[in-house]
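The values are calculated or read from the model by the stated rules, or taken from the named source; none is laboratory data. What you see is a predicted model, and the numbers here were worked out from it, not measured in a lab. All Cβ positions, glycine included, derive from the backbone under ideal geometry; neighbour counts span all protein chains shown. These accessible areas exclude ligands, DNA and RNA; they are computed on the full protein's heavy atoms, side chains included. Shrake-Rupley method; radii C 1.70, N 1.55, O 1.52, S 1.80 Å.
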Amino acid sequence: MVSVKLPDGSQRQFDAPVTVAQVAASIGAGLAKAALAGRVDGKLVDTSHLIDADAELAIVTDKDADGLEVIRHSTAHLLAYAVKELFPEAQVTIGPVIENGFYYDFSYKRPFTPEDLLAMEKKMQELAKKDEVVTRKVLPRDEAVAYFKSIGEAYKAEIIESIPADQDVSLYTEGSFTDLCRGPHVPSTGKLKVFKLMKLAGAYWRGDSRNEMLQRVYGTAFAKKEDQEAYLHMLEEAEKRDHRKLGKALDLFHFQDEAPGLVFWHPKGWTIWQQVEQYMRRVYQDGGYQEVKAPQILDRALWEKTGHWQNYRENMFVTESESRAYALKPMNCPGHVQIFKSDLRSYRDLPLRYGEFGQCHRNEPSGALHGIMRVRGFTQDDGHVFCTEDQIQGEVIDFHTQAMKVYADFGFSDIHVKLALRPENRVGSDEVWDKSEEALRVALRSCGVSWTELPGEGAFYGPKIEYHLHDSLGRPWQVGTMQVDWNTAERLGGTYIGEDSSRKTPVMLHRAIVGSLERFIGILIENHAGALPLWLAPVQVSVLNISEAQAEYAKSVAENLKKQGFRVQADLRNEKITYKIREHSIQKLPYIVVIGDKERDANTVAVRTRGNLDLGVMPLDAFISRLKNEVATKV
């Protein structure tokens, strides 16, 4: 007798071992048809999985996140099946699920073409319509190696050879195609109805540039057609908003080969930077932070104490002088500890808050670089709070309130909070981790926040709160963080004199609200499609004259606006006014002011807003009041 407990608490009894599919059928024909996989005692399995002992079971359908994962994993294998049908000499390597889809890497004698991509997708559709059953079998490792070598799949054989000899491996077969995989997979290819191949790319075998360059095929798959259509529409919009394209079109920044991964900021782009930095500087000040500046280059010995030299050396830029080794700092925290320990500190000094717009350098792989979103040199709104255990919750609450206001001011209202908990490899006792995690939970409860917990995703030195913004296209961006650290200050010798006159180690809170300013500006550009709100726009107003007769008045209007603190440009060229308006509109300016004879004679201005909306004629003072109010309210 086998007893199966379902999610609603009900029990089903079976006289003999039973498969997940049979349990689903016993509940109803609709569920049997919808079943994609099962979760048996928490483990995701195929519908063919045999339950031979009492267990808890959840049937997985396309309504579940697990179901979508299974669909995408199975679609990756369908792609490999199609490629082998079209190009029998191609060798298959790996094909994992990624965010919003999957990819599969292939070795083939010539580069795939866009026409090949279309043929692959067509073949996938044909194979899916056959509704071929997907079956699983388990082989000893060496037998699996021999099998793949016998069919000419050298990469698969190499993967399996890296598995311990005493382990079995699972193979999945659909039609004439067999692949190595842990699974699970959909019961049959007919379950795969909504998919699309997206693009081709290159990828080194095992990610090593010394190995062969493979061909990567990216695809996406969904449970419902409308979900895929919404995703593809989002991608089209994202393409239009690509910060790299807008950065060039709006003359904000550029990159060049002489400085890979480093940004050349143009005047307009640097103006945006300054608005963000000066705003965040005021946030520092309002939050009781003292701004500091630590050296850019520090001796190897310090990085050995922190553990970076041993564990992060390949990501650091190093240099030498007078037989001493140095490194450009990849992060700011060690420098802040040096400032903290430069003087005798008392418990009365705590909490001590340091903030720095600290420039960091990390030797990111060239393939990972992405405009100003992923660079090798970046600046953070980095802050560290040195405090006692009792002060953690108060500091976290204050930080959360501060962060939420910042995000709102920058135009983000959809914020998801996540709590990353202790990883398997960590420093510190379980007692310390218990205290740290609970302190963050209590603080979030006090703020009335709901959050998602991420087991195993904390930093090695402590748990952290993560702030994920969702932009105008619904895309998530992880920006802010608040991390509890009981270890770094101790490793670097930072102490204070406690109330009992003994030396104690402070708790160190690592915090950032926007994180990398480069990346955050990229997010802002894409969120607003380059049309930044007035307070951030590099040029806020363009003043245009219709003819030479209004040039002097146009100049005076521009000067008046500048004196009021606005960023203004005057275009007095002898061009048609329609041409000038169109040219400035392309630059996504918040306001365009047009000056003709009537405006000059009446001491007024004709105002157009972004999108070519005509606000009509108004007194200059009224226009200035409008601008001031818009900047103050950050609409």
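Quick look at the values:
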{"read-out": "Restricting region 548-635 to trypsin sites (Lys or Arg not before Pro) in coil, as DSSP defines it, with at most 12 other Cβ within 10 Å", "value": "Arg573, Lys576"}
{"read-out": "Integer Hz, Karplus 6.51/-1.76/1.60 couplings in order for region 350-357, x for Gly and Pro", "value": "8, x, 10, 10, 10, x, 8, 8"}
{"read-out": "Residues with amide H under 5 Å from that of Gly358, placed H, sequence gap 5 or more", "value": "Gln380, Asp382"}
{"read-out": "Options (i) 38, 35, 25; (ii) 50, 36, 26; (iii) 50, 28, 23 - which one matches semi-axes √(5λ) of the Cα gyration tensor in Å as calculated here", "value": "(ii)"}
{"read-out": "Difference of contour (0.36 nm per residue) and Cα-Cα distance, Ala230 to Lys598", "value": "127.6 nm"}
{"read-out": "Extension gain from Arg12 to Arg182, taking 0.36 nm per residue of separation minus the Cα-Cα distance", "value": "58.4 nm"}
{"read-out": "Whole-Hz couplings from phi, Karplus 6.51/-1.76/1.60, listed for region 64-69; x for Gly and Pro", "value": "9, 4, 4, x, 5, 4"}
{"read-out": "Sites Leu615 and Val442 - FRET efficiency at Förster radius 35 Å, r taken between beta-carbons, to 0.05", "value": "0.10"}
{"read-out": "Residue order for Met213, Met1, Met373 - accessible surface, 1.4 angstrom probe, largest first", "value": "Met1, Met213, Met373"}
{"read-out": "Backbone HN-Hα couplings from phi across region 304-310 [Karplus 6.51/-1.76/1.60, Hz, Gly and Pro as x]", "value": "5, 5, 7, x, 5, 4, 7"}
{"read-out": "Span from the region 200-231 Cα centroid across to the region 6-40 one, whole angstrom", "value": "34 Å"}
{"read-out": "Cut-off 15 Å between beta-carbons: net charge of the residues surrounding Leu86, Lys and Arg +1, Asp and Glu -1", "value": "-1"}
{"read-out": "Computed [θ] at 222 nm, deg cm²/dmol, the chain (DSSP H ≥ 4; -39,500 (n - 2.57); rounded to nearest 500)", "value": "-11000 deg cm²/dmol"}
{"read-out": "Label point at Phe317 placed 7 Å out along Cα→Cβ; residues across region 372-396 whose backbone nitrogen lies under 11 Å", "value": "376-378"}
{"read-out": "Residues of region 70-105 with amide N under 20 Å of the 7 Å Cα→Cβ point at His416", "value": "70-73, 97-102"}
{"read-out": "Met404 - accessible surface, heavy atoms, 1.4 Å probe, Å² rounded to 10", "value": "70 Å²"}
{"read-out": "Charge context of Glu158, other residues only, Cβ under 14 angstrom, K/R +1, D/E -1", "value": "-2"}
{"read-out": "Inter-part distance where region 169-186 and region 568-635 are each reduced to a Cα centre, Å", "value": "64 Å"}
{"read-out": "Label point distance in nm, Phe264-Glu559, each placed 7 Å from Cα along Cα→Cβ", "value": "3.5 nm"}
{"read-out": "Inter-label distance, nm, simple model (7 Å from Cα along the C-beta direction), Lys129/Asp343", "value": "7.8 nm"}
{"read-out": "5 angstrom amide H check on Ile595, placed H, neighbours 5+ away", "value": "Leu544, Asn545, Ile546"}
{"read-out": "Net charge over other residues, Cβ less than 14 angstrom from the Cβ of Glu559 (K, R count +1; D, E count -1)", "value": "+3"}
{"read-out": "Separation of alpha-carbon centers, region 254-284 and region 465-485, rounded to whole Å", "value": "21 Å"}
{"read-out": "Restricting region 155-245 to trypsin sites (Lys or Arg not before Pro) in coil, as DSSP defines it, with at most 13 other Cβ within 10 Å", "value": "Arg182, Arg210, Lys224"}
{"read-out": "GluC sites (Glu not before Pro) restricted to region 108-161 and DSSP loop, no more than 12 other C-beta within 10 Å", "value": "none"}
